[in-house]
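**Student:** Below you'll find the structure I mean.
Since every read-out is calculated from the coordinates, none of them should be taken as a lab result. Just so we're clear, the structure is a prediction, and the values are computed from it rather than from any experiment. Here the Cβ is made from the backbone with ideal geometry for all residues, glycine too, and neighbour counts use every protein chain on show.
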Number of protein chains: 2
Amino acid sequence: MSTAAVADTRPYHHGDLRRALVDAAIRILEREGPGALSLRAVAREAGVSPAAPYHHFKDKGELLDAVAHVGWEALGVAMTDAKARSSAEMGSMLTEIGVSYVQFSQDHPALYRVMYDCSRDKDMLPEGIQDKEDSAYCLVRGAFKQVAGDEVADMDVELATIAAWCAGHGLAEMSMFKQFAPLKEAFGGEEGFLRAVLSHLGMFNRKT
Amino acid sequence: MSTAAVADTRPYHHGDLRRALVDAAIRILEREGPGALSLRAVAREAGVSPAAPYHHFKDKGELLDAVAHVGWEALGVAMTDAKARSSAEMGSMLTEIGVSYVQFSQDHPALYRVMYDCSRDKDMLPEGIQDKEDSAYCLVRGAFKQVAGDEVADMDVELATIAAWCAGHGLAEMSMFKQFAPLKEAFGGEEGFLRAVLSHLGMFNRKT
DNA sequence: TGTCCGATCTGGACAGTGCTCAGATAGGCT
DNA sequence: AGCCTATCTGAGCACTGTCCAGATCGGACA
């Protein structure tokens, strides 16, 4: 096959295989779930031999890291949008951001799982993900600082941010299980349920 | 047979292999982590052929379900203990339960992960796990009801319980990442950090 | 322009996995 | 005793992640 490759879909030295592989992985993730995400399946989806990915990623984990990176970017965009959308009414900002976070996890459950599973030890992650996660984290903390005002200590803002992030992540994971179906119905769907739960987080410290 | 028929699974000619397999799995989990938990490795650890487990579990997932079942039982015990230990000072009960939950996840991270990963759809879980999870869930709800008193609607208690569970699970997962190391130090270790975060959950709804 | 180098890609191979199945083994029942 | 059934084994299938020797091609250098 020495000629006629010009107009064909694949130029045999792929233009940007790295990118194509990440795209293929995300496509498989959304279509068939995390269980179907094998390196060979990704190569197959990209129309390339099973060994080809190894010229762009050290191993499967590194591919997953790249996928996670894309995920964190998308989540950051969603949360930034939510913040912007709610800036008019200050008090609801945190709720809007929280809802957008959980909503993202519901819209892209497989991708969301990869974002947290991709590496055992987050300190070892390539800085890309850390950055993005960090930037989303900073976005939440910034919102807290705005809402809390000046009378609150920095440490409290920090802890509240962590607490909110944990609550969001926990709610995101729990919402993937179908257990809350009746409650969701009672609150007029997914979003209503999320808002209701979010608004009850304070009860944890209720004084008697 | 006068031992109250404790294990309903009848013993057979090579011992109680079902139980031995679950134990072997947990041993591998604690020793080498979830990545090393293959069905063949479990069989190897139990000193049995790779096909033997299939006479006691339909597939790998069913073994994992059995492992998760043991995990939920242990978690239930830990939380019940924490509740009993704190009953003197009512206000701290929820915090104590929460701390014991997160502590358990830190003490048995691999087991904890299996407890939530073992099945895609929690509604499809064998009733054993559902029961245990349910019973732990009821324990938390009961504590909330005690703390909140009578003036609070049942629905609010329900939502608060869910919120607390989500927060606990989120904190448990987040704490597995090493990112909070400096903060943990600032609060005198794991437990101090947990208590601090837990006590800040209410800030999520701070009014401005 | 022609030649060669190094990055890219392939086919084949290896060990390990989940799972199935025909047969071996050995308790417990009549 | 003799059978029956649950239990266990070994071989084998399709799949996986990973590595390797070689094929192929783009672009730099002559």
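**Student:** How well do other chains shield peptide B:193-200, expressed as the mean number of their Cβ atoms within 10 Å of each residue Cβ? Display every interim value, and only then the final one.
**Tutor:** On the way: counts 2, 0, 0, 6, 10, 5, 6, 14.
The shielding value for this peptide is 5.
**Student:** Nm distances between the label at B:Asp59 and the same-position labels in the remaining copies, 7 Å along Cα→Cβ, shortest first?
**Tutor:** Inter-copy label distances (nm, one decimal, shortest first): 2.6.
**Student:** Compute the convex hull volume of the Cα atoms of region A:8-56, divide it by the residue count, and report the result per residue in Å³ as a whole number.
**Tutor:** Values: hull volume 3.4 nm³, N = 49.
Convex hull volume per residue, Cα atoms: 70 Å³.
**Student:** Averaged over A:148-161, how many beta carbons belonging to a partner chain fall within 10 Å of each residue's beta carbon?
**Tutor:** On the way: counts 3, 2, 0, 0, 2, 0, 0, 5, 4, 2, 5, 10, 8, 3.
Per-residue shielding by partner chains comes out at 3.
**Student:** Mind running the shape call on region B:58-205? Use the C-alpha gyration tensor, a ≥ b ≥ c as the square roots of the eigenvalues: rounded below 1.5 for a/c, prolate if a/b tops b/c, oblate otherwise.
**Tutor:** Values: a/c = 1.87, a/b = 1.21, b/c = 1.54.
It is oblate, given that a/c is not under 1.5 and a/b is not larger than b/c.
**Student:** Between B:Asp131 and A:Tyr54, what FRET efficiency follows from the Cβ-Cβ distance if R0 is 51 Å, with the result rounded to 0.05? Before the final figure, lay out each step's value.
**Tutor:** Details: r = 46 Å, r/R0 = 0.91.
Computed FRET efficiency for B:Asp131 and A:Tyr54: 0.65.
**Student:** Work out the FRET efficiency for A:Glu190 and A:Val152 from their Cβ-Cβ distance, taking R0 = 25 Å, and round it to the nearest 0.05. Kindly include the intermediate steps, with their values, before the conclusion.
**Tutor:** Numbers: r = 32 Å, r/R0 = 1.26.
Efficiency at R0 = 25 Å is approximately 0.20.
**Student:** Averaged over B:168-177, how many beta carbons belonging to a partner chain fall within 10 Å of each residue's beta carbon? Before the final figure, lay out the partial values.
**Tutor:** Working: counts 4, 8, 13, 7, 3, 5, 8, 2, 4, 8.
Mean inter-chain Cβ contacts per residue within 10 Å come to 6.
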